[in-house]
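Below is one structure; the comments refer to it alone.
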Amino acid sequence: MKVLLAVDGSDYTKRMLAYLAAWPEVLGNAPEITVYHGLMAIPPHAAATVGSAQVRQFHETELEKVFRPIRAFFAQQGREASYVDRVGAIADGIAEYAEAGRFHLIVMGSHGHGELAGLVLGSVTTRVLARCKVPMLIVR
């Protein structure tokens, strides 16, 4: 089974990982796991001001903050995973990547870092759910 984990490093990402640790059968015996993190693009005028090297450094720093604990989680679980990052519209990026990669399941937290955490579902989760035909497991 091909599983796409959409992560952002929020508490909901941590809850998703805790759920997967408690219920390993969700992923099956030998899943092909891809961990996906979307990054918002830095506005062009700001990127031009700081330069491409600074933008690249910023993205790499942010990715490491998100991916480091997830790598440790999978190492502890004895599972392999591949890691992907994309810059751009986050919800569209998740949906497009999941469909193009023919994933069988998307797993993501119900909310992220956004200010809309009090609503029923976070805005990225809602958009992926509306846009994507791949089955989703949303962990609250």
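The values are calculated or read from the model by the stated rules, or taken from the named source; none is laboratory data. Just so you know, these numbers come straight off a predicted model, no measurement behind them. Here the Cβ positions follow ideal geometry from the backbone for every residue, glycine too, while neighbour counts run over all protein chains shown.
Quick check on my filter: what residues within region 21-45 are more than 21 Å from Val84 (Cβ to Cβ) and either without any contact (Cβ under 8 Å) to a residue 40 or more places away in the chain or basic (Lys, Arg) (or both)?
Hits for region 21-45 are Ala22, Trp23, Glu25, Asn29, Pro43, Pro44, His45.
Output yes when any residue across region 108-118 is at pLDDT 90 or above, part of a strand (DSSP E or B), out of contact with any Phe, Trp or Tyr (no Cβ under 6 Å at 6 or more places or on another chain) and buried (at least 21 other Cβ atoms within 10 Å of the Cβ), and no when none is.
Yes, because at least one residue in region 108-118 is at pLDDT 90 or above, part of a strand (DSSP E or B), out of contact with any Phe, Trp or Tyr (no Cβ under 6 Å at 6 or more places or on another chain) and buried (at least 21 other Cβ atoms within 10 Å of the Cβ).
Between a first residue in region 50-79 that is in contact (Cβ under 8 Å) with a residue 12 or more places away in the chain and within 21 Å of Gly28 (Cβ to Cβ) and a second residue that is surrounded by fewer than 14 Cβ atoms within 10 Å (Cβ to Cβ) and of a type in the set (D, E, K, R), which pairs have beta carbons less than 9 Å apart while being 6 or more apart in sequence or on different chains?
Close Cβ pairs satisfying both conditions: Phe74/Glu80.
Please work out which one of (1) outside any loop (DSSP other than H, G, I, E, B); (2) surrounded by fewer than 16 Cβ atoms within 10 Å (Cβ to Cβ); (3) modelled with pLDDT of 95 or more is the condition Arg102 fails and give its number.
Going through (1) outside any loop (DSSP other than H, G, I, E, B); (2) surrounded by fewer than 16 Cβ atoms within 10 Å (Cβ to Cβ); (3) modelled with pLDDT of 95 or more one by one, Arg102 breaks only (1).
What tally of residues in region 1-15 results from selecting those that are of a type in the set (S, T, N, Q), touching a His at 6+ places or on another chain (Cβ under 7 Å) and not in a loop (DSSP other than H, G, I, E, B)?
0
Could you run through region 46-86 and say how many residues are among the basic types (Lys, Arg), touching a strand residue (DSSP E or B) at 6+ places or on another chain (Cβ under 9 Å) and assigned to a helix (DSSP H, G or I)?
1
Do you know which residues across region 21-33 are touching a helix residue (DSSP H, G or I) at 6+ places or on another chain (Cβ under 8 Å) and not in a loop (DSSP other than H, G, I, E, B)?
Ala21, Pro24, Val26, Ile33
Has region 88-99 got any residue that is outside any helix (DSSP H, G or I) and at pLDDT 95 or above?
no
Identify the residue in region 1-41 that is farther than 17 Å from Arg71 by Cβ, surrounded by fewer than 17 Cβ atoms within 10 Å (Cβ to Cβ) and among the small types (Gly, Ala, Ser) and, among all such residues, is modelled with the highest pLDDT.
For region 1-41, the residue satisfying everything is Ala22.
Regarding Ala18, is this residue under 25 Å from Pro135 (Cβ atoms), assigned to a helix (DSSP H, G or I) and without any contact (Cβ under 8 Å) to a residue 40 or more places away in the chain?
Spelling it out, Ala18 is indeed under 25 Å from Pro135 (Cβ atoms), assigned to a helix (DSSP H, G or I) and without any contact (Cβ under 8 Å) to a residue 40 or more places away in the chain.
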